[in-house]
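Below: the structure, in structure tokens.
Nothing in this text is a laboratory measurement; each read-out follows from the coordinates by a stated rule. Owing to the predicted nature of the structure, the values given are computational and were not obtained by experimental measurement. Positions of Cβ are generated from backbone atoms using ideal geometry, with glycine treated the same way; all protein chains shown enter the neighbour counts.
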């Protein structure tokens, strides 16, 4: 899936963690996104797509095949 | 989708994600492809980002969406029964369903007219114009001490301009955050050199010929300015719907499913819908709501039965402080710090005592989100 995140754009809302906790987390110190799994399994693709769409900072980019 | 910003784009994306394969048309009054507004008062205004970086999606992602974007053409009327939208350029667009997502228009001050040196900030073009003006400005006055005004003042002060912040609230963001945290925001701005005039409106804009030279306060004091930024709130951009027969009352009035009429829905800043958890019609002017509400609208358009009842959420960046707010702090609510402390510059505050209705993070985004789990939308409704 080749997922990537833009730490500079991330606003720390944490919506992605709520939707896909196996793929995203937040840093303790500033809430910025931590990508746990840049190539999540197919069953998580729907959740990852939703995370990218609802991210209020457009900080999640999807690669091919999604 | 009438409106090509976060809510319009979000509806289109959610429809595709949920399997809709039919035609999609996104109509936008601005010439630009969808872009994000929160960075306009921060990264774009400071010059840290080139304007293009505020774009919400890559060209490839928009191509993959397979939607027709009709840009630079504003909607001028809607026939809800026929579900047709007429535009300023003379187009008539018809659809099985229409989503109203036209957002907000900034309020202006009396006498503002076309005075040079007076700015509002809503669009990317506004941000670029203001950024250019700030680059030349020595003295900046920001009128309005809500979220946007305080962010603009922070950005202006950080860029080196002598900055004043004037507004009706007793402290910046006091209405949004309560007086205690509003007081902390005031101290933060003071530490960073922002002169503040709280609890006061503006008597008038002072000008020489067509150029603003400052603002006069009701006290008679004049604050000289090379640039005046007016951030005194917005009104829903719904004037084009006046002839539609839809109910308009500080926004497009919708039911709990965000439906304004058969086949007509609203999402984002302009939508006032019935929030079942809160037991009231609400309208939220924030970025997160635009996308979340778009998702609910998409689900309902595809035959779902989703009552949209979110815990409201917004964030704001003020200098080096990132503030996250879940729920809506009420005036006079009891505030308890449950993690961190004010002195350390990081804390989580819970509003409402034993029955919390809001959680705020001050440089503690993750922890605030975790504490926000204690808020249900019905808990948020408890008076």
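Report, in deg cm²/dmol and to the nearest 500, the calculated mean residue ellipticity at 222 nm for chain A, where each DSSP H run with n ≥ 4 adds -39500 (n - 2.57) and the sum is divided by the residue count. Please report the intermediate quantities before stating the final value.
Details: 2 runs with 15 residues, N = 66.
Rounded to the nearest 500, it is -6000 deg cm²/dmol.
Spin-label model, residue B:200 to residue B:343: label points 7 Å out along the Cα-to-beta-carbon direction sit 3.4 nm apart.
Just to be sure I understand: of the beta bridges DSSP finds with both ends in segment B:25-137, what percent are antiparallel, rounded to 5?
Numbers: 8 of 12 bridges.
In segment B:25-137, DSSP labels about 65 percent of beta bridges as antiparallel.
For the pair residue B:307 and residue B:138, a Förster radius of 51 Å applied to the C-beta separation gives a FRET efficiency near 0.45, rounded to the nearest 0.05. Given only helices, namely DSSP H runs of n ≥ 4 each adding -39500 (n - 2.57), what is the per-residue ellipticity at 222 nm of chain B, to the nearest 500 deg cm²/dmol? Helices in chain B give a 222 nm mean residue ellipticity of -7000 deg cm²/dmol.
Take the Cα of residue B:276, step 7 Å toward its Cβ, do the same at residue B:84, and the gap between the two points is 3.6 nm. Just so you know, the Cα atoms of segment A:4-61 work out to an Rg and Dmax of 10.1, 31 Å. Within the listed set B:110, B:172, B:331, the residue fluctuating most in the Gaussian network model of chain B (springs between alpha-carbon atoms under 10 angstrom) is B:110. Choose one answer from A:54, A:33, A:23: the residue with the largest mean-square fluctuation in a GNM of chain A with alpha-carbon springs under 10 Å. For chain A, modelled as a Gaussian network with Cα springs under 10 Å, the answer is A:54.
What is the gain in length, in nm to one decimal, between residue A:35 and residue A:8 on full extension, counting 0.36 nm per residue of separation less the C-alpha to C-alpha distance? The partial results should precede the final answer.
Working: separation 27, 0.36 × 27 = 9.72 nm, distance 1.36 nm.
That pair, residue A:35 and residue A:8, stretches by 8.4 nm at full extension.
In this simple spin-label model, placing a label point 7 Å from the Cα along the Cα-to-Cβ direction at both residue B:374 and residue B:61 gives a separation of 3.5 nm. In a fully extended conformation the segment linking residue B:48 and residue B:190 would gain 48.8 nm over its present Cα-Cα distance, using 0.36 nm per residue. From the P(r) of segment B:320-381, could you give the percentage of C-alpha pairs in the tail past 17 Å? Distances greater than 17 Å cover 31 percent of the Cα pairs. For chain B, modelled as a GNM whose springs connect Cα atoms under 10 angstrom apart, the maximal fluctuation among B:129, B:260, B:82 occurs at B:82.
Put the Cα centre of segment A:18-66 next to the Cα centre of segment B:249-281 and the gap is 29 Å. Under 1.5 on a/c is rounded, so check that first for segment B:103-241, then, if it is not, pick prolate when a/b is larger than b/c and oblate when it is not; a ≥ b ≥ c are the square roots of the alpha carbon gyration tensor eigenvalues. Rounded, because the longest to shortest axis ratio a/c is under 1.5. Above 36 Å lies some portion of the pair distances; for chain B, what is it as a whole percent of all C-alpha pairs? So the pairs more than 36 Å apart make up 26 percent of the total in chain B.
Take every Cα-Cα pair in the protein assembly as shown and report what % of them are more than 35 Å apart. Of all Cα-Cα distances in the protein assembly as shown, 30 percent exceed 35 Å.
Tell me, what is the FRET efficiency for residue B:114 and residue A:28 to the nearest 0.05, using R0 = 35 angstrom and their Cβ-Cβ distance as r? The pair residue B:114/residue A:28 has a calculated efficiency of 0.10. Of all DSSP beta bridges confined to the protein assembly as shown, the antiparallel ones make up roughly 65%.
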